[in-house]
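K.L.:
Quick one: this structure, given as structure tokens, is what I'll be asking you about.
The values are calculated or read from the model by the stated rules, or taken from the named source; none is laboratory data. Owing to the predicted nature of the structure, the values given are computational and were not obtained by experimental measurement. FYI the Cβ positions are ideal-geometry reconstructions off the backbone, even for glycines, and counts take in every protein chain you see.
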Amino acid sequence: MSPPAEADRTDFRVAFVPGTTPGKWVRIWGERHPEVRLELVATEVADTAAAIGNGNVDMAITRLPDAVTHADPGAHHTITLYDETTVVVIPKDHLLSAGEELQPADLADESLLWPLDEPLVVTDRPGTAIEHRPDTTADAIELVAAGIGLLLVPQSLARLHHRRDLDYRPVTDVATSSVGLLWPDPTSELAEEFIGIVRGRKPNSSRGTAEPAPKRSAKEKAAAKRAAREAAGKTPGPGRSKSRTRRPR
């Protein structure tokens, strides 16, 4: 398949935030467009909009709409890919570990940590907010392990920062986080190609990258069917008799 035509482009830079797993998409890109190197750039959610706005990356896999609340990416587009389950990270021996699924009311008497890189934009926060706000989610996880408080995060981050002494439980009826794509306007050919990969388009269905197969006439179709039957031995070829030769008894 012909590569997307963009003058003087030999690379395509994609930012990705903690908890996202773009490996499959990168592999497919490499199979389809080995001549254009896809470079992944690890970025915090709060920095992705600025990275798009100043041209440091061509696209970002980030949390929406959280990313655009931190900075102005300029003229842009977004696509939501999936919603994440929100969980509360708790010590292994915490009383809340007895439940399989929690409600905000279950956290009413708990102290919660809200890191500065907060991956959830929560206006109605359950429980009591601890005054100290750790810089990062990783720092907040350490404080949960120390018994300082609990932490609400997307499930992918709870898995990313897994510790043997911690556990997590899903919490319903609270803010959730959506993972999606953020890229500048206008949409480049390379960006369109990456969107197609993420959305699961086949190589021949990506926009602008394939020509439709030519249609065959009825005569050509009939000839093709006849050739296939002859190859399978179902119809004698030219010059062969349709009658069967009997063996003498």
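K.L.:
Looking at region 28-53, which of its residues are under 16 Å from ILE195 (Cβ atoms) and crowded, with 20+ Cβ neighbours inside 10 Å?
P.N.:
Within region 28-53, TRP29, HIS33, LEU38, ILE52 qualify.
K.L.:
If you don't mind, there's one more thing I want to ask. Please report, ordered by residue number, the strands (runs of 3 or more DSSP E) entirely within region 111-174 with at least 1 residues that are of a type in the set (Lys, Arg) and surrounded by 16 or more Cβ atoms within 10 Å (Cβ to Cβ).
P.N.:
166-170
K.L.:
Mind counting the residues in region 161-202 that are of a type in the set (S, T, N, Q), closer than 20 Å to ALA51 by Cβ and in contact with a strand residue (DSSP E or B) (Cβ under 7 Å, 6 or more places away or on another chain)?
P.N.:
Number satisfying all stated conditions: 3.
K.L.:
Please specify each residue of region 54-70 satisfying the condition of being free of Cβ contacts under 8 Å to residues at least 60 places away in the same chain, assigned to a helix (DSSP H, G or I) and either touching a Ser or Thr at 6+ places or on another chain (Cβ under 9 Å) or within 19 Å of PHE12 (Cβ to Cβ) (or both).
P.N.:
Across region 54-70, the qualifying residue is only HIS70.
K.L.:
Moving on to the next point. Of the residues ASP165, ASP185, ASP173, which is modelled with pLDDT under 95 and more than 14 Å from the chain's Cα centre (by Cα)?
P.N.:
Of ASP165, ASP185, ASP173, the one residue that is modelled with pLDDT under 95 and more than 14 Å from the chain's Cα centre (by Cα) is ASP173.
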